[in-house]
Amino acid sequence: MISGLIWFLFAGVSVGSAVVVATSKNVVHCGFGLLFTLLGVCAMYAFLGADFLMATQVIVYVGGILVLVLFAVMMTHRIESNRLRDELVQPVAALGAAALVFGLSMLMITRTAWDEKVPGEALPTTSSFGRAFLTDYLFPFEFASVLLLVAMMGAALITREKKEEEDQ
């Protein structure tokens, strides 16, 4: 009972901060709203027993993409037109898309047979993924690591060269 309430609390935090992301005109507020949305989804994964999805959510989205977005916002100079458009078409289209997604979700929820039992007990999956990454898929895993490192070094080099040109 309590765990269900906590899950709904995290769901509320996720939805509320997603609303902040969608409605805020300040880019920094949008970034922090995205942070709380992603952490709320991570907590919901933890409560559902999806440990691999939880770890992936933290490492990839919170640790990688969100930090990249926040650094990109902080490193760029203040742009005069950082306000989002205030046209009527965009909010109406967003409301229509949200209503469509909500309707399809409700249709799926109401037509699914939820009383079926899942065979067996849910077991953690991270140990089997880790074992596979470090045995059968070691070369592709390490190749992706080196590729990302080279891309990061290239991005730092490009940024440094542009800075030196601006100083001259």
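Remark: pairs (first residue in segment 1-13, exposed (fewer than 12 other Cβ atoms within 10 Å of the Cβ); second residue in a helix (DSSP H, G or I); Cβ separation under 8 Å; 6+ apart in sequence or on different chains) = S3/F47.
Counting the residues of segment 133-168 that are at pLDDT 80 or above and more than 25 Å from I65 (Cα to Cα) gives 2. From the list V73, V28, V20, V101, the one residue that fits, being in contact with a Gly (Cβ under 7 Å, 6 or more places away or on another chain) and either at pLDDT below 85 or loosely packed, with under 12 Cβ neighbours inside 10 Å (or both), is V73.
The values are calculated or read from the model by the stated rules, or taken from the named source; none is laboratory data. Note that the structure is predicted; figures quoted are calculated from it, not measured. No Cβ is skipped: glycine too gets one built from the backbone with ideal geometry, and neighbour counts run over all protein chains shown.
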